[in-house]
Amino acid sequence: MRLVVGRCGIWAAALVLMSWAAAKAPAQSDYPFRNTSLSDDARIQDLLGRLTLDEKVSLMSDHPKIERLGIVFSGQVEGLHGEALGGPANWDARGRQPAPTTTFPQEKGLGATWDTDLLKKIGALEGYETRYFYQNPVWDRGGVVVRAPNADLSRDPRWGRTEESMGEDPYLVGTLTVAFIRGLQGPDPKHWQAASLMKHFMANENENGRTHTSSDFDERLFREYYSVPFRMGFEEGGSRAVMASYNAWNGTPMTVNPVLKNVMIKEWGNDGLICTDGGALGLLITAHKAFPDKEHGSAAAVKAGINHFLDTYKPDLTRALKDGLLTEADMDASLKNLLRLYLRLGEMDPQGADPYGAIGRQGKGDVPPWERASSRELARQATDESIVLLKNDGNTLPLDKTKLKTIAVIGPWTDTVLQDWYSGTWPHNVTILDGIREAVGKNVQVLFADGSDENEAEALAKKADVAIVVVGNHPVCNAGWDQCPVPSNGKEDVDRKTIVLEQEELVKKVFAANPKTIEVLRSSFPYAIVWSQQNVPAIVHLVHNSQEEGHGLADVLFGDYSPAGRLTQTWPTGDDQLLPILDYNLLDGETYLYSKKKPLYAFGYGLSYTTFDYRVVTTSASHMDADGGVQVHVKVKNAGKRASDEVVEMYVQHMGSAVTRPQLELKGFKRVRIEAGAEKDVTLELKARDLAYWNTPDHVWRVEKEKVRILAGGSSDKLPVQTVVDVTGTKDYKP
């Protein structure tokens, strides 16, 4: 969409744009709170001193305005894999037509890239697009507080929102979270391009009953597992915004949990925004039964640290103030943090002071970011890197299209790019069917069947040189809000009933008709595809939603890109390997950290079109002090005939700990490009502090004097090189 005017209308259009810009831009330095030479605290205190109590209450809403002071603060937008200003939910507060945004693979797929540089670039583009829409006079929509990334951990594959999580490992998810935040918020030391609002804090890993269930586990698991990505996002990424989850932790709803103030604010430094989830204030009363009414609930929430409500709350909070359940001083303490976020977004600055203030206002000739070739290329790169090769017997892949005359493409929605609830609307999209047709050209006949007629599917498979069968879930279950008629499907508000793939029956039919069958599992979740692994020669996994879905898959199938994606979650062999979904105690045997069961596919697993030979792992020193660290060097050779990326994964094992530790822990990784026949020395850092455990009685992080085994390889179940380092002392770190 562009502004188009005739020659005689140019001046009129210019006047409209100038008037809009004047209204949207912050006023000149007419009040001390707009004076950028003052300290942040002084500016915030000045504004608070000018507000009435009613205005302070109104500030805790989304997109608040104080017109008499010329204040208009940003609202929030969804942005898990691209800004969402459309999609199935049509994320627009005013119900307007969807707006196009660059749309990437689901967050599960972004995690599968194991690529911090890529995540930073994706965050940077999304931050730019949110600014563009918010500040552009033609579009004028959205906001620059972005609900992303999701820092939850996908502990159980039945969780209905697994596609929103970047994995089950806290270090992996935390590291990728930090990269995305840094890209989104930008490099300026005082201003943000956009604010990263992480969600959902915390242990929000079941959908059924999520509005009232309690996720129960001890403080050590809180410190070492469930909170880690959030802590890293605050301390290392610089995020200053978070959404509290619906659930309770050990019986106390997260919306009013003391951990918000005692840990998140006081220890991790979140002097910014803490919001409820949608409708969570009311759920304190109706679901958790924690308070008699919203008056008492809103007062407790503000005292706990909440300063932004995604719910109706104003009459209730006003009554709480009137009845003495809450004081104006309580409000001010909470609002200081909220205003600090808006200040960092430049929304309290005079015009011209915000370094990101010109984005979207450039005028004639400005190419919208979603239309730029660089944006399409980034989406395609993300799709390529997210694809995981699960099996490739006999070098079935890549396909040589010069030797093919007929390809059968079979499977439901293969001619559609499916969107999830938090998707935006793409500026364009390439389906799997279109991507294959484009890749092979006119000399290869591509046959298509949606798989609903098994006889038709078998007939097409028999005619073809190769059959590509596409199976998996529908990201919104192809049904109403809380409905998922297919048991293995799930989504927000609905957990999966099984991890067994019903569509594997279609795979069996196609394979029986044509043994040269390639299974493409397009899914938001792990599946127990045991029969496929035992029989089908090649299996490829990718997630939903990317505007470049068809191009990315075709790049891998036909060898234009060597896959190097890695699984971010353990794939069990069946439902019998799973514990009850509400068992949040990992030590009972959950995730690769503690499970003793042999999975179908291990955490960190993924194949390539070449082979990598791990030669040796060494350290810069044989020992390290309890406050020191070592460099870890992993020598890897590409022993194959083609260049490819490799994800080098570094794990540790504790050989002398006084407490129960995970059997294996990821502590470093790097995605690197290695040319055919070349060897690369990959350097990773290991700090003693990263080896600490949480000592609950003493309330400290404790580094132990012990030997630590360091292992490296391309998957958690294939770590061919190892060494040992001595930690020579003990040290306690206060949080």
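The values are calculated or read from the model by the stated rules, or taken from the named source; none is laboratory data. Because the structure is a prediction, the values reported are computed rather than measured. All Cβ positions, glycine included, derive from the backbone under ideal geometry; neighbour counts span all protein chains shown. Side chains are part of the model used for accessible areas, which takes the heavy atoms of the whole protein and leaves out ligands, DNA and RNA. Shrake-Rupley method; radii C 1.70, N 1.55, O 1.52, S 1.80 Å.
Here are the numbers for the structure shown:
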read-out	value
Largest-first principal axis extents of the Cα set of the range 250-366 (Å)	57, 30, 29
Using a Förster distance of 30 Å, the FRET efficiency for Thr286-Ala479 (Cβ separation, nearest 0.05)	0.75
Cα principal axis extents for the range 388-533, largest first, Å	47, 38, 28
Gap separating the Cα centres of the range 670-713 and the range 540-562, nearest whole Å	32
Förster radius 22 Å - calculated FRET efficiency between Lys497 and Val530, Cβ distance, rounded to 0.05	0.80
Long-range tail of P(r) for the chain (Cα pairs > 47 Å, %)	20
Principal axes of the range 318-474: Cα extent on each, largest first, Å	76, 46, 29
From phi via Karplus (6.51, -1.76, 1.60), per-residue ³J(HN,Hα) for the range 585-591 in Hz, x at Gly/Pro	8, 4, 5, 6, x, 10, 6
Helix 373-386 vs. the chain, principal-axis angle (Cα, 0 to 90°, nearest 10)	60
Rg(Cα) / (2.2 N^0.38 Å) computed for the range 304-344, rounded to two decimals	1.22
Whole-percent carbon and sulfur share, accessible surface of the chain, 1.4 Å	50
In degrees, nearest ten, helix 294-304 long axis to first principal axis of the chain (Cα)	80
Percentage of interatomic Cα-Cα distances in the range 276-320 larger than 17 Å	16
Dipole in debye (nearest 20) - the range 256-374, about Cα centre, beta carbon charges: Lys, Arg +1; Asp, Glu -1	80
Radius ratio Rg over Rh of the range 640-697, counting only Cα atoms, Kirkwood formula for Rh	1.16
Share of alpha-carbon pairs per 10 Å distance bin for the range 357-449, given as whole %	11, 32, 33, 15, 7, 1
Neighbour-limited loop hits for trypsin sites (Lys or Arg not before Pro), the range 96-155 (at most 15 other Cβ within 10 Å; DSSP other than H, G, I, E, B)	Arg96
Estimated inter-spin distance, Asp690 and Ser374, nm [label 7 Å along Cα→Cβ]	3.1
Two-decimal log10 I(q)/I(0) for the range 473-584, as the Debye equation yields it once each C-alpha is a single scatterer, q = 0.17 Å⁻¹	-0.99
Long-range HN-HN contacts of Thr611 with modeled amide H, under 5 Å	Ala639, Gly640, Lys641
Directionally averaged shadow of the range 525-600, computed from the convex hull of its alpha-carbon atoms, nm²	6.7
Calculated diffusion of the range 636-735, Stokes-Einstein form, Kirkwood radius summed over Cα pairs, 20 °C and 1.002 mPa s, µm²/s	141
The chain: angle of helix 116-135 to the longest principal axis, Cα-based, in degrees nearest 10	40
3J(HN,Hα) from dihedral phi, the range 559-575, Karplus parametrisation 6.51/-1.76/1.60, rounded to Hz, x for glycine, proline	x, 6, 9, 8, x, 8, x, 10, 5, 9, 8, 5, 9, x, 7, x, 4
Distance histogram for the range 128-191 (every C-alpha pair counted, 10 angstrom bins, percent rounded to whole numbers)	20, 36, 29, 15, 2
Proportion of all alpha-carbon pairs of the range 680-735 beyond 18 Å (%)	46
Debye intensity ratio I(q)/I(0), log10, the range 429-496, q values 0.23 Å⁻¹ (C-alpha model)	-0.99
Separation in nanometres of the label points that stand 7 Å from Cα toward Cβ, at Ala639 and Asn443	3.5
Cα-centred dipole magnitude for the range 408-509, charges only on beta-carbon of K, R (+1) and D, E (-1), debye, nearest 20	320
